[in-house]
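These notes concern the structure reproduced below.
Every read-out reported here was derived from the displayed coordinates using simple, explicitly stated rules and does not represent laboratory data. Just so you know, these numbers come straight off a predicted model, no measurement behind them. Positions of Cβ are backbone-derived with ideal geometry, glycine not excepted, and every protein chain shown enters the neighbour counts.
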Amino acid sequence: MTSSSSQPFSTESYFQTQKPPAGLKEKSEKMHNFVEKWKAVKSKKVVLVTSGGTTVPLESNTVRFLDNFSAGTRGATSAEYFLSQGYAVIFLHRLHSLRPFSRHYSHSLNPFLDLLSVVQPTTSSSSSSSTEPSIIVSKEYTKSLLPILQAYHDSQNSETLLSIEFQTVNDYLWLLKSVTASMASLSRRGMFYLAAAVSDFFLPEEKVAEHKIQSNKGTLSLEMDQVPKVLKPLVQEWTPEGYIVSFKLETDEALLIPKSRAALSRYGHQLVIGNDLHRRKYEVVFVERRNLLQKGKGDERLKGAETPPIIESDEENKSELNPTALIDKEEYKETWLRLDDLKNGTAETVNGKGRDGEVEIEELIIKELVDRHQRWIDAKM
Ligand code: 9Z3
C-alpha cells in the first residue's frame, strides 16, 4: 500500500486504493444525463463549478475532521452569473455550503424569517376571504427578492442548474473524475471552473481510526499523505479540449503570481485565477500564458516547443518551494480585475449592478471568462 512512508500517491494509485464514496453511481448518472441533454443543444455551453471546502475525516465514524476554508460564496455567486450568461451549470459543492440564489438569504447575514410579515384576517371582509392569518414578504424586501426569485425559477423551469453535493476530499476527487469523463464529450463547449478549496493532505483509508479517537493520551499526532495533483491528468488526459480555470489561494501576496504561474506551467491549462484570502472579494488576478492568448488555440498546450514544459515530480516539488525558480516570466500575462476599477470607470459590468445593488467581483470574472471561452471554441472552427 502506498503511504507517506513510501511513495506518494499518484492519481492512478489513489483511485486504485481509495474506495469510491456511497452514492457515486447515482450522482454520476445525474451529471452524465445533464451533460448529454445539453450536449444535444448545439448552442449551449456547459460549465462545471466546484465550490466550498473539502473535509478530511479523522475517524470513519466521523466525529472530527479537518476542513478547508471556503464559505462557497465564490462558487455560488459565479454559478448565478454563468446561468445569466446562458450556460448550463453543474454546481458541485460542499454539503451545507452556500448555493446559488439562496446564498442571498444566508442564515447568518440575511435570515429569511426577517423578510416575512404576518397579515391578520380582516373581520369586515366578505365570506370568501380566509379567516386564517397569512404570511407575506414585507414590502421593503420585495424589490430585491423579485429578480432573485425570478432567476431561480428560470433555472428550475429551464433545468439549467444541477446541484450535486460532496463532503470529503475523497467524495470530491471521485465525483470530479466522473463528471470530467462525461464532460469530455462536449469538447470545447465544456468549461471547468474549479473554485472549491481542496485539501492538499489526506488520511488514506487504512490510517483512519474506526471509532472516535480517545483523548486520554494527551496529544494527537497525525501524519497525512499528499493528495495527488489531479489537475494534471484532468488537463492532459481526462479532458484535453475542455477550457480549464483553476483558482490559487494565498495569504502571502508575494507568492500569488509566482505560484499561479507555477500551476499553469505544471498543468498546462488555460487560466489560473489568483486571489489573496483577505482581498478575494475585491480583486483577483488572471494569469495566462502569452502564446495561448496570441494563438487562441489550445492544442499547443500539450505539445511542441511553444508551450512551457510540464514540470515533473522532483522539479514540481522544487517549484513548489521556490515557485519563481523554473518560470520564464516573459511567458505569462497577468490581468488584475478590481472592483475599484469600476468606480474609476475603467471596467464595465454586464448588468451594471449586482442584485443587491452592489457589484460583485464574480460578475466581472464571468464576463471575462465567457469571452475567453468563446475564443477558445472559435479557434477550433
Ligand atoms: C479559491 O481560491 C476561492 O476563490 C476561495 C473562495 C476558496 C478563496 P469563498 O468560498 O472563498 O468565497 O469563501 N479556491 C481555490 C482554493 C484552492 O484550494 N486552490 C488550490 C491552491 O491554492 C489549487 S486547486 O493550491
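Among residues of the range 264-294 being more than 16 Å from ASP252 (Cα to Cα) and hydrophobic (A, V, I, L, M, F, W, C), the one that is farthest from the ligand (Cβ to nearest atom) is LEU293. May I ask you to verify whether SER185 is among the polar types (S, T, N, Q) and away from the ligand (no atom under 16 Å from the Cβ)? Considered against the rule, which asks whether it is among the polar types (S, T, N, Q) and away from the ligand (no atom under 16 Å from the Cβ), SER185 comes out as yes.
Selection within the range 197-220: residues that are among the polar types (S, T, N, Q) and more than 16 Å from the ligand (Cβ to nearest atom). The member of this set that is farthest from LEU95 (Cα to Cα) is ASN216. Residues in the range 214-227 that are of a type in the set (A, V, I, L, M, F, W, C) and surrounded by fewer than 15 Cβ atoms within 10 Å (Cβ to Cβ): LEU220, LEU222.
Can you spot a residue in the range 192-213 that is of a type outside the set (S, T, N, Q), over 30 Å from VAL63 (Cα atoms) and in contact with a strand residue (DSSP E or B) (Cβ under 6 Å, 6 or more places away or on another chain)?
Initially, the range 192-213 is screened for residues of a type outside the set (S, T, N, Q), giving 192-198, 200-213.
Now drop any that are not over 30 Å from VAL63 (Cα atoms), which leaves 192-193.
Then keep just the ones that are in contact with a strand residue (DSSP E or B) (Cβ under 6 Å, 6 or more places away or on another chain); that gives 192-193.
The answer is yes; a qualifying residue exists.
Listed residues PHE166, PHE112; which is within 30 Å of THR54 (Cβ to Cβ) and within 16 Å of the ligand (Cβ to nearest atom)? Please lay out each step first, then the result.
Numbers: PHE112 fails: within 16 Å of the ligand (Cβ to nearest atom).
PHE166 is the lone residue from the list that is within 30 Å of THR54 (Cβ to Cβ) and within 16 Å of the ligand (Cβ to nearest atom).
Contact map, the range 231-251: residues that are under 26 Å from VAL284 (Cα atoms) and small (Gly, Ala, Ser) paired with residues that are within 16 Å of the ligand (Cβ to nearest atom) and not in a helix (DSSP H, G or I), Cβ distance under 6 Å, separation 6+ or inter-chain. Pairs shown: GLY242/PHE192; SER246/LEU194; SER246/VAL272. Quick one: which of THR11, THR54 is within 19 Å of the chain's Cα centre (by Cα) and of a type in the set (Ser, Thr, Tyr)? Exactly one residue qualifies, and that residue is THR54.
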